[in-house]
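Written out below as structure tokens is the structure these notes cover.
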Amino acid sequence: MRQLVTYECPRLNVPAIVTLAALLLGTFVAAMPASAAETPKQNAEVVNINEATADQIAQLPRVGPALAKRILEFRKANGKFKRADDLILVRGIGEKTFRMLEPFVVIQGKTTLARKLRTRDLPSRTSEEKAAGEGSTTTRGDVARGQRPAAKQ
């Protein structure tokens, strides 16, 4: 019969091991796409925001020439978008607008959108999506001005 040998190390640095494991896991996760919106969609009309021109970006719903220009200026100033949801950092694109744009935005691959998409062309939201989006009327501007969201009752 084999006897189990145990070893006790009085100087085992558990926090360092946990930190190392988190770094390794973080490196692995960072190499993966953060969301399905960031990988090229098959057989879909999409715009690669890292390569598209202002005219191509303006084909997106609720994006006109001025907003397309701001997206290009942001890309020029900050480099390529690392994630599709980095669009929220562009002035004029909030969470609601991004949710509308998300199915049509990629950060790699070809731009295949060849026509202007209108809001009426978009699929309607399900009741669950509508319920999840309701209840918060706080905007980024409110937070920037120091206004806090009202407490839920």
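The values are calculated or read from the model by the stated rules, or taken from the named source; none is laboratory data. These numbers come from a predicted model, not from an experiment. Here the Cβ positions follow ideal geometry from the backbone for every residue, glycine too, while neighbour counts run over all protein chains shown.
What the table shows:
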item: Hits in the range 25-35 (condition: exposed (fewer than 10 other Cβ atoms within 10 Å of the Cβ) and either modelled with pLDDT of 55 or more or part of a loop (DSSP other than H, G, I, E, B) (or both)); result: Ala31, Met32
item: Single residue of the range 67-114 satisfying the filter (in contact (Cβ under 8 Å) with a residue 60 or more places away in the chain and hydrophobic (A, V, I, L, M, F, W, C)) that is surrounded by the fewest Cβ atoms within 10 Å (Cβ to Cβ); result: Ala114
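Rundown of residues vs (1) modelled with pLDDT under 95; (2) surrounded by fewer than 16 Cβ atoms within 10 Å (Cβ to Cβ); (3) in contact with a Ser or Thr (Cβ under 6 Å, 6 or more places away or on another chain); (4) closer than 18 Å to Thr111 by Cα, yes/no style:
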position	(1), (2), (3), (4)
Val5	yes, yes, no, no
Leu23	yes, yes, no, no
Ala37	yes, no, no, yes
Ala54	no, no, no, yes
Ile57	no, no, no, yes
